[in-house]
Amino acid sequence: MNTMITIKEIAKLAGCSFSTVSKALNDSPLVKEETKRKVLRIAEQYGYRRNLLARQLVSGKSGMIGLIWQDVDNPLYAQLAMRLFQMFQRHGYETVMMMSPPEQAADWFRQMRVDGLIFWGDVEAHALQLSKRLALLDTPLLVVGSNTHLPVHALQIDRKAGIYAAVEHLHALGHRRIGYIGDGKPVKERGYREALLDFGLRLHPGDVLEGGMSWEEGYEAIRRLDAADGLATAYIGGNNLVTRGALRAFAERGIAVPAEVSLIGYDELPEMAYAEVPLTSVGPPLEEVAERTVEMMLTMVRQDGEPQSRTIKPVLHIRSSTARPPS
């Protein structure tokens, strides 16, 4: 039975010390790049795998970051998780994701001795209370995606400002009756209602549709829409799935986007640009969310201090699904 190569054997093959190999495998800046590449090439050639338990015993660090995600049905969460995996790897960390109830997942991660915890906390009703409980753990915690100020390290997203910007864009195009297909997030609807008020637009009965969280619910919201009282000339979808479902329903009802109705979706994902009609969208740049998350987490792992809070503003991307209203 073949045994895995050891650091001592890698050192002999590379012609350097045990200490140098250990530093190279941990991406230490104290090792020359040429030596580091040589060590890593030998390690890969002979199938070396780091012993996480031994690493913990020696350094007190696991080299792992725990992600507590609530679902991956929305491609936003899956794509963000993938970016985090890749970025943390570049810094020498592996990520482990759990979709168990947050407190249960946090307990498992504590037993695994992860170096830090990232919790996607965009659920307003529970984020504050849950974040406080998770913060009692002896592991650095970063809450990402919260709408409100939290007494923990947090990367917030100003969703309200994003929806406000969508209304502003439609108003500038000349739309005076704008509907909203909700996704269950009150902060977005507040942004919508405030923008209507600020721009002097009337909220018509039936213009706020319950779209839920999924493609199917956005589709059904438009299929059920009663045109007897007339339709809004533009709609804003609460997330990418709801918006794409609405787009399909408009097509099936023979309502052309954007010739007869304009459509904007919250969330900026590649899928929005490649929909049947490229969708105008507003949302936080995923690359920026991932970069700020990794930056904040690494700072916390190295020197945890007073809770820090940052906010990311959504960005409007104008595509083919919005135009001036029909005359």
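The values are calculated or read from the model by the stated rules, or taken from the named source; none is laboratory data. Since we're looking at a predicted model, the values are computed, not measured. Using ideal geometry, Cβ is built from the backbone for each residue, glycine included, and neighbour counts are taken over all protein chains shown.
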**OP:** Assess whether Gly184 counts as being more than 23 Å from Leu76 (Cα to Cα), in contact (Cβ under 8 Å) with a residue 12 or more places away in the chain and not in a helix (DSSP H, G or I).
**Re:** no
Original post:
Considering region 145-160 alone, what residues qualify as being assigned to a strand (DSSP E or B) and either at positive phi or not β-branched (Val, Ile, Thr) (or both)?
Top reply: Gly145, Ser146, His153, Ala154, Leu155, Gln156
Original post:
So, in region 276-298, of the ones that are in contact with a Gly (Cβ under 7 Å, 6 or more places away or on another chain) and among the aliphatic types (A, V, I, L, M), which residue ends up nearest to Ala81 (Cα to Cα)?
Top reply: Met297
**OP:** Under 6 Å between Cβ atoms, at least 6 apart or on separate chains: pull out the pairs that start in region 206-218 with a residue that is among the hydroxyl-bearing types (Ser, Thr, Tyr) and end on any residue that is outside any loop (DSSP other than H, G, I, E, B).
**Re:** Ser214/Leu241
Original post:
Has region 271-288 got any residue that is more than 21 Å from Leu316 (Cβ to Cβ), assigned to a loop (DSSP other than H, G, I, E, B) and among the β-branched types (Val, Ile, Thr)?
Top reply: no
Original post:
Among the numbered criteria (1) in contact (Cβ under 8 Å) with a residue 60 or more places away in the chain; (2) within 23 Å of Val167 (Cβ to Cβ), which single criterion is violated by Met300?
Top reply: (2)
**OP:** Determine whether region 203-210 contains at least one residue that is touching a Gly at 6+ places or on another chain (Cβ under 6 Å) and of a type outside the set (Val, Ile, Thr).
**Re:** yes
Original post:
Ile163: modelled with pLDDT of 95 or more and either part of a strand (DSSP E or B) or polar (S, T, N, Q) (or both), yes or no?
Top reply: no
Subject >> Subset of region 229-265 [within 23 Å of the chain's Cα centre (by Cα) and assigned to a loop (DSSP other than H, G, I, E, B)] >> reply: Gly238, Asn239
Subject >> Candidate set: region 290-327, residues that are in a strand (DSSP E or B) and hydroxyl-bearing (Ser, Thr, Tyr); chosen: the one nearest to His149 (Cα to Cα) >> reply: Ser309
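Listed here are the residues, each with its yes/no results for (1) in contact with a Phe, Trp or Tyr (Cβ under 8 Å, 6 or more places away or on another chain); (2) buried (at least 17 other Cβ atoms within 10 Å of the Cβ); (3) touching a residue at least 60 places away in the same chain (Cβ under 8 Å).
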{"residue": "Asn239", "(1), (2), (3)": "yes, yes, yes"}
{"residue": "Arg253", "(1), (2), (3)": "no, no, no"}
{"residue": "Ala259", "(1), (2), (3)": "no, no, yes"}
{"residue": "Pro284", "(1), (2), (3)": "no, yes, yes"}
{"residue": "Glu287", "(1), (2), (3)": "no, no, yes"}
{"residue": "Ile318", "(1), (2), (3)": "no, no, yes"}
{"residue": "Arg324", "(1), (2), (3)": "no, no, yes"}
Subject >> Members of region 198-228 that are more than 29 Å from the chain's Cα centre (by Cα) and within 20 Å of His169 (Cβ to Cβ) >> reply: Asp198, Phe199, Gly200, Leu201, Arg202, Leu203, His204
Subject >> Lone unmet requirement of (1) within 16 Å of Val282 (Cβ to Cβ); (2) modelled with pLDDT of 95 or more; (3) within 27 Å of the chain's Cα centre (by Cα) for Leu173 >> reply: (3)
**OP:** Check Arg49, Arg55 and return the single one that is modelled with pLDDT under 80 and in a loop (DSSP other than H, G, I, E, B).
**Re:** Arg49
Subject >> Within region 15-29, tally of residues that are modelled with pLDDT of 85 or more and either surrounded by fewer than 19 Cβ atoms within 10 Å (Cβ to Cβ) or assigned to a loop (DSSP other than H, G, I, E, B) (or both) >> reply: 5
Original post:
If you check Gly218, Gly191, Gly182, Gly200, which single one turns out to be surrounded by 20 or more Cβ atoms within 10 Å (Cβ to Cβ), out of contact with any Leu (no Cβ under 8 Å at 6 or more places or on another chain) and not hydrophobic (A, V, I, L, M, F, W, C)?
Top reply: Gly191
